[in-house]
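Peer 1: Sharing a structure with you now.
The values are calculated or read from the model by the stated rules, or taken from the named source; none is laboratory data. None of the values given here were measured: they were computed from a predicted structure. Don't worry about glycine lacking a Cβ; one is built from the backbone with ideal geometry, like all the others, and counts go over all protein chains shown.
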Amino acid sequence: MLRLTPRQYRRIVAHCLDAERDPETGLLYEACGLLGGPVDATGTPTGKISGVYPCRNADASAKTYTVDSRDYMPALRDAEATGGSLVGVWHSHTHTRAYPSETDVRQAPDPGWLYAIVSLMPGADPVLRAYRIRAGEVAEVAVVLDGDVG
């Protein structure tokens, strides 16, 4: 489960909607960021998110993302300072649904992490979905906003 506060959810979606655009084509770049939170005794994320860290997309691309290395260490330090760790990443899909692409699956860096994707399909409201990606297998996890039932 990925448990976000409504404020964290809005911050993630706003970061995706405010992403830079390609100066030549005007296409929105994929946005990305890191998620911080507690881990259990085995090092597995509990799913509760305590920190949301918007990052720059080092790829500057509408089709791929790489979290800018200059944003990684400050996010890690803050997550650890609050008693947690980095537990996941989010990025946007600017024209497709919120499901991991082949590239997303291939580049998933940590089998314990949570992977959130925000779909920004034209003509539709943003949709945030979350997954675990282990050994190439994709499993959706529930996204729950604190205060929501269930």
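Peer 1: Out of the residues in segment 82-98 that are under 25 Å from residue 46 (Cα atoms), outside any strand (DSSP E or B) and in contact with a strand residue (DSSP E or B) (Cβ under 7 Å, 6 or more places away or on another chain), which is modelled with the lowest pLDDT?
Peer 2: Here the residue is 82.
Peer 1: Mind checking which strands (runs of 3 or more DSSP E) fall wholly inside segment 1-71 and carry at least 1 residues that are more than 18 Å from residue 108 (Cα to Cα) and touching a residue at least 60 places away in the same chain (Cβ under 8 Å)?
Peer 2: In segment 1-71, 2-4 are the strands (runs of 3 or more DSSP E) which contain 1 or more residues that are more than 18 Å from residue 108 (Cα to Cα) and touching a residue at least 60 places away in the same chain (Cβ under 8 Å).
Peer 1: Moving to a separate point now. Considering only residues that are among the charged types (D, E, K, R) and within 21 Å of residue 1 (Cα to Cα), look in segment 82-105 and name the one that is surrounded by the most Cβ atoms within 10 Å (Cβ to Cβ).
Peer 2: Out of the qualifying residues, it is 104.
Peer 1: Further, regarding this structure: Of everything in segment 29-46 that's of a type in the set (Gly, Ala, Ser) and surrounded by 22 or more Cβ atoms within 10 Å (Cβ to Cβ), which residue is nearest to residue 121 (Cα to Cα)?
Peer 2: Across segment 29-46, the extreme among qualifying residues is 31.
Peer 1: Against the definition (within 12 Å of the chain's Cα centre (by Cα) and either aromatic (Phe, Trp, Tyr) or under 22 Å from residue 53 (Cβ atoms) (or both)), how does residue 133 come out, yes or no?
Peer 2: No.
Peer 1: Filter segment 127-142 for residues that are in a strand (DSSP E or B) and in contact (Cβ under 8 Å) with a residue 60 or more places away in the chain; which is farthest from residue 63 (Cα to Cα)?
Peer 2: Here the answer is 141.
Peer 1: Do you know which of the residues in segment 36-82 that are basic (Lys, Arg) and closer than 28 Å to residue 102 by Cβ is nearest to the chain's Cα centre (by Cα)?
Peer 2: 56
Peer 1: Here's a follow-up. Being surrounded by 16 or more Cβ atoms within 10 Å (Cβ to Cβ) and assigned to a loop (DSSP other than H, G, I, E, B) is true for just one of 79, 116, 108, 124. Which residue is that?
Peer 2: 108
Peer 1: Can you tell me which residues in segment 44-69 are out of contact with any Leu (no Cβ under 6 Å at 6 or more places or on another chain) and farther than 22 Å from residue 8 by Cβ?
Peer 2: 58, 59, 60, 61, 63, 64, 66, 69
Peer 1: Now a separate question. Working only within segment 39-61, note down all residues that are in contact with a strand residue (DSSP E or B) (Cβ under 6 Å, 6 or more places away or on another chain) and at negative phi.
Peer 2: 39, 45, 48, 49, 50, 51, 53, 54, 55, 57 - these are the residues of segment 39-61 that are in contact with a strand residue (DSSP E or B) (Cβ under 6 Å, 6 or more places away or on another chain) and at negative phi.
Peer 1: Consider residue 21 carefully, then state whether it is surrounded by fewer than 16 Cβ atoms within 10 Å (Cβ to Cβ) and modelled with pLDDT under 95.
Peer 2: Judged against the criteria, residue 21 is a match.
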